[in-house]
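Inspection log for the structure reproduced underneath, given as structure tokens.
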Amino acid sequence: MLSPLENGMKDKEKKGTMVHREAIGESRRILEEAITLLEQIRTRHPDEAEVLNLDNLVRIALEYLKIVAEPPTARTGHFDLHLAIKRVLSLLDYQMRIRDIKILYVSAEEPHTVSGEEVNLVRMLLFLLMNIIKHYELAEGPREITIETTAGTETSSIIIRDRLSSQDLDSHARQLMRELLEEQGYRIQITHTETERICRIEIPVRESSSKKALNILIVDDDPIICEYLKDLFTFLGHNPIVVSSPSIALKMLQSINFDLLLVDFIMPEMNGVLFLKEAKKFCNLSNVCFFTGDTHAPEVVELRKREGVRVLAKPVSINVLKEVLREAGGEQ
């Protein structure tokens, strides 16, 4: 029999899945209506290039929904890089053929596992390749794109070469790609030579031996922060426990080993100084991390100097929290 907490988590997960499916279904309905309307317009204006381009883009968007149809949690973690690239190329096959753009994908046959969210990489590659397609419409000379992947011990790379040495990415496309990649530790670099443009995307490789599910204790009297942190860490594959009382947290430390403690520095019952004085009897100080709205308060500065504990500024960004997880051994 499931506990009330487990039942609550399952209900929440089920509700999130339903909302996700409803959004996907509504999006598909809208795109299908748009395709019907565009087909009617094309019958009246068969030679209108802009209508044809719009129709192609809407069809790509509709196909793309097939990739994101599963719940988000099913797409996170690790994925096969080759399959992700092949999905993108299948979506853009029609676009390439009608514009006589030759594309060569050089890859090994064996699976190539990398970390991150496949859907974000697919979105980014669609932005990049559609940008290349658009510029090729105005360019003279050979229309060629070469894609290859390389595997390393820490990172793998996607290398995309085209003949657009004088063209750069649209600023909007560049910004979207950077937002999609940098938030999950990917890096993108674009260089030019006299004959080609080279785009290199570096992606972290899976390191299963370095990642584990952490037992995390969150101590805060703000229910909104507690709910946010609990959902985030659960989403990232860890085991968070939330308490609003520092004294209850101290009792738990006597019987449970936690890999990481995230503690609000200012709470009605006791502040971080008093909490740490008791907590260090039962746990390693390197596992304790405080957060506060005033990192420059004298007692905060003194505690940080004397005990060497980490203090984060509120509001805490996701990237900072991921860095804390990495230091605790729970994130790559």
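Things to note:
- Sorted fewest first by neighbouring Cβ atoms within 10 angstrom, Ser156, Ser247 come out as Ser247, Ser156.
- Pairs from Lys281/Lys305; Lys277/Lys314; Lys102/Lys134; Lys212/Lys277; Lys212/Lys305; Lys134/Lys322 whose Cα-Cα separation, in the structure shown, is over 26 Å: Lys212/Lys277; Lys212/Lys305; Lys134/Lys322
- Model label zone, Glu269; criterion: amide N under 17 Å from point 7 Å along Cα-to-beta-carbon; scope the stretch 217-234: 217-227
- Difference of contour (0.36 nm per residue) and Cα-Cα distance, Glu323 to His45: 94.6 nm
- Cα gyration tensor, the stretch 210-327 - rounded (a/c under 1.5), prolate or oblate: rounded
- Ranked packing of 272-279, 261-268, 250-257, most packed first, by mean Cβ within 10 Å: 261-268, 272-279, 250-257
- Here r is the Cβ-Cβ distance between Glu194 and Ile159 and R0 is 22 Å; the resulting FRET efficiency, rounded to 0.05, is 0.75.
- The value of relative contact order for the stretch 210-327, using C-alpha pairs under 8 Å at least six residues apart, is 21 percent.
- Inter-part distance, the stretch 287-301 to the stretch 309-327, computed on C-alpha centroids, equals 12 Å.
Taken together, the values in this text are just the output of simple stated rules run on the coordinates, not laboratory data. Worth saying up front: this structure is predicted, and the values here are computed from it rather than measured. Glycine also receives a Cβ, built like all others from the backbone with ideal geometry; neighbour counts cover every protein chain displayed.
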